[in-house]
Structure formats: C-alpha cells, structure tokens
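Colleague: Here it is, the structure in full.
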Amino acid sequence: MSLLELDHVSVRYQNAVRDAVADASLRLSSGDFLVLTGRSGCGKTTLLNVAAGFVSPSSGMARVDGQPIAAPGADRAVVFQSDALFPWASVRENVAFALRMKGVPRRERDRRADALLARVKLSGFGDKPVWELSGGMRQRVGLARALAAEPRFLLMDEPLGALDALTRERMQTLLLDIWAESGTGILMVTHGIEEALLLGTEVIVMTPNPDTGQQGRITRRIPVSFGRRYRAGEPVRAIRADPAFAAARAELADAIFEGELQ
Ligand SMILES: Nc1ncnc2c1ncn2[C@@H]1O[C@H](COP(=O)(O)OP(=O)(O)OP(=O)(O)O)[C@@H](O)[C@H]1O
Ligand SMILES: [Mg+2]
C-alpha cells in the first residue's frame, strides 16, 4: 500500500495576486480512484501538478509515503490531456520509453510493451508510427506508456477530454478495468459529471471563490460506488439507468455550479 498526501496545500504563482489553490488536502491510497472536478480555472491542473512534482506548494506539504515530493518521479506516472507522444518513434517505442530509461534490454522491453498494448486493446499496432493512429488510439498508447513504469500512482489531467462520446465511453470502462487489475491509486481531472461519478471512488469538487480573494478551494467530497459496482460485474448501462445515478448527477452538478447564477 502506498499513500500520496496533499496536506493543506496552497499555490500562488509568481506575480499572481491570489492563490491558484488554497488550503487543499487530499489522500490517495493504492486502490483509490479520486476524481477532481470543478469549473475552468479553479485550480485542478495546479493541484495535480503538485502531486506530480511539477509545481511546488507555496505552503503546505505534498508527500508520498511520508517523503516530501520534490520532483517528478517514476512512482507517479502522468497522462496529459494532449497525448504528448514522441512523434518520431513507433507505438512500441513510445510505450517502452520508461523501460528503456531504466535500462531494460531491448527484447524484454518489447515483450512488456506488447503486453501493455494488448491491455489497452492495441495488439498488432506496435510497429506503426503514432501519426497513423486516431486520437482515441493515441490516448491508449499514452496510457500504456504511463503503465509501463509500473507507477504506484497514475495522475491524469482530462485524459479523455478530446475524444468523441463513443470512444470516451469505451475508454472509461478500459480505465476501470486497468484500475481494477493494476491496484494503482488514480487521481484524475475531468469536466465530465457522469464520468466523474462512474469512475471515482470519491469525487472532489473545487470551486473558485473570488469573493474571498482566493481561488481553488475544495468545497465538496462526494464518496461514490458506481465504479465499484462495475468492478463487481454490473453493466455500465444498468448503472447509468439507476435512479441513484441521476440523483448523484444532480447533486454533483449543484456542487460544481454552487454560487453561480444558472
Ligand atoms: N503557470 C502558471 N502561471 C501563472 N498562473 C497560472 C499558471 N497555471 C495556471 N495559472 C492560473 O491558476 C489558476 C488555476 O489554473 P488551473 O490550470 O490549475 O485551473 P484548472 O482548474 O485546471 O482549469 P481548466 O479546467 O480550464 O483546465 C488560473 O487562474 C490560472 O490562470
Ligand atoms: Mg486544467
């Protein structure tokens, strides 16, 4: 079991008059799927970047297993909204990148890359250049590449944001399957209300609050169990049709748009 903790984290960017994130705390354990949501500009990416080690808190602490997070590390893999693949390299080389950095021999890393490609349902695409793939396929390569490092935590910033609705639904169940198989702790940012409810074990809502001169506070934490029901064998269609899902949807939408005229 591993634990990533953000403890009363605030971030103020240089020359900014307000905190981008104010006093945010969260705990991500192995096997959790935390979803961070909220209106644009409320500090979601900033908070994820603190967990990744790209941004240092101005106050508060970020830790993995008690050790302060000082820099990005192989224990925390990041999947960005844009796929951020290496365009000159093949699909297999992209996936195997972290293994290459670790000095894993060629044959072994090809074998592991192909196994990961099978896991994201891209068997047989290893030799293709990435520019021949669709957006959804590229996101799956990005996911396979992140998993190659066998991270303890997977941090994803709107990983499905650019996909069409049908591909996005398929990717949601793929993410749930990978979460179930890998046992990693996932922190994911999304604007999708249903996506947040379907995937998360806890949905964390951030709200900008210009009245107090501060932004990016965590204003709600909603425990959810729909993803666990999927893991237990219930079809996604049945889960979405459950009146409890509609009620949760309304509650989450209210929490996100609280204080805003509708
Ligand atoms: N590198 C930066 N330097 C200065 N200010 C920044 C920087 N990155 C973000 N900000 C500011 O911090 C605030 C929070 O930005 P952030 O990107 O974390 O929001 P977000 O919730 O991810 O928004 P979105 O949903 O649009 O992606 C915004 O006011 C933004 O302008
Ligand atoms: Mg963002």
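Colleague: Here is a list: LYS121, LYS102, LYS44. Which entry is of a type in the set (Lys, Arg) and modelled with pLDDT of 90 or more?
Modeller: Exactly one of LYS121, LYS102, LYS44 is of a type in the set (Lys, Arg) and modelled with pLDDT of 90 or more, namely LYS44.
Colleague: Residues that are within 16 Å of ligand 2 (Cβ to nearest atom) and touching a His at 6+ places or on another chain (Cβ under 8 Å): find the strands (runs of 3 or more DSSP E) completely inside region 1-94 holding 1 or more of those.
Modeller: It comes to 21-29, 33-38.
Colleague: If you don't mind, another one. From the set of residues in region 39-71 that are touching a helix residue (DSSP H, G or I) at 6+ places or on another chain (Cβ under 8 Å) and more than 13 Å from LEU4 (Cβ to Cβ), which is surrounded by the most Cβ atoms within 10 Å (Cβ to Cβ)?
Modeller: PRO57
Colleague: Then there is this: Can you tell me which condition ASP65 does not meet? The list is (1) of a type outside the set (Val, Ile, Thr); (2) at pLDDT 95 or above; (3) touching an Asp or Glu at 6+ places or on another chain (Cβ under 7 Å), and all the others hold.
Modeller: Every condition holds for ASP65 apart from (3).
Colleague: Which one of these is among the charged types (D, E, K, R), over 23 Å from ALA22 (Cα atoms), outside any loop (DSSP other than H, G, I, E, B) and away from ligand 2 (no atom under 16 Å from the Cβ): GLU234, GLU195, GLU251?
Modeller: Among GLU234, GLU195, GLU251, only GLU251 is among the charged types (D, E, K, R), over 23 Å from ALA22 (Cα atoms), outside any loop (DSSP other than H, G, I, E, B) and away from ligand 2 (no atom under 16 Å from the Cβ).
Colleague: While we're looking at this one, here's another question. Please find, among PHE226, PHE245, PHE153, the residue that is within 23 Å of ALA118 (Cα to Cα) and more than 16 Å from ligand 2 (Cβ to nearest atom).
Modeller: Result of the check over PHE226, PHE245, PHE153: PHE153.
Colleague: Based on this model, can you work out whether ILE204 counts as modelled with pLDDT of 95 or more and either in the same structural domain as VAL11 (by TED's automatic domain parsing) or assigned to a helix (DSSP H, G or I) (or both)?
Modeller: Criteria met by ILE204.
Colleague: If I ask for residues that are within 16 Å of ligand 2 (Cβ to nearest atom) and either within 26 Å of MET101 (Cβ to Cβ) or small (Gly, Ala, Ser) (or both), which ones from region 156-173 would you list?
Modeller: Residues satisfying the conditions are MET156, ASP157, GLU158, PRO159, GLY161, ALA162.
Colleague: Taking the condition of a type in the set (D, E, K, R) and touching a helix residue (DSSP H, G or I) at 6+ places or on another chain (Cβ under 9 Å), does ARG145 pass?
Modeller: yes
Residues are listed down the side, and each one gets a yes or a no for (1) more than 20 Å from ARG76 (Cβ to Cβ); (2) in a helix (DSSP H, G or I); (3) not assigned by TED's automatic domain parsing to the domain that holds LEU166; (4) not hydrophobic (A, V, I, L, M, F, W, C):
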{"position": "LEU99", "(1), (2), (3), (4)": "no, yes, yes, no"}
{"position": "ARG109", "(1), (2), (3), (4)": "yes, yes, yes, yes"}
{"position": "ALA113", "(1), (2), (3), (4)": "yes, yes, yes, no"}
{"position": "LEU117", "(1), (2), (3), (4)": "yes, yes, yes, no"}
{"position": "GLY126", "(1), (2), (3), (4)": "yes, no, yes, yes"}
{"position": "GLN139", "(1), (2), (3), (4)": "no, yes, yes, yes"}
{"position": "GLY142", "(1), (2), (3), (4)": "no, yes, yes, yes"}
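The values are calculated or read from the model by the stated rules, or taken from the named source; none is laboratory data. Computed from a predicted model, the values in this text were never measured in an experiment. Here the Cβ is made from the backbone with ideal geometry for all residues, glycine too, and neighbour counts use every protein chain on show.
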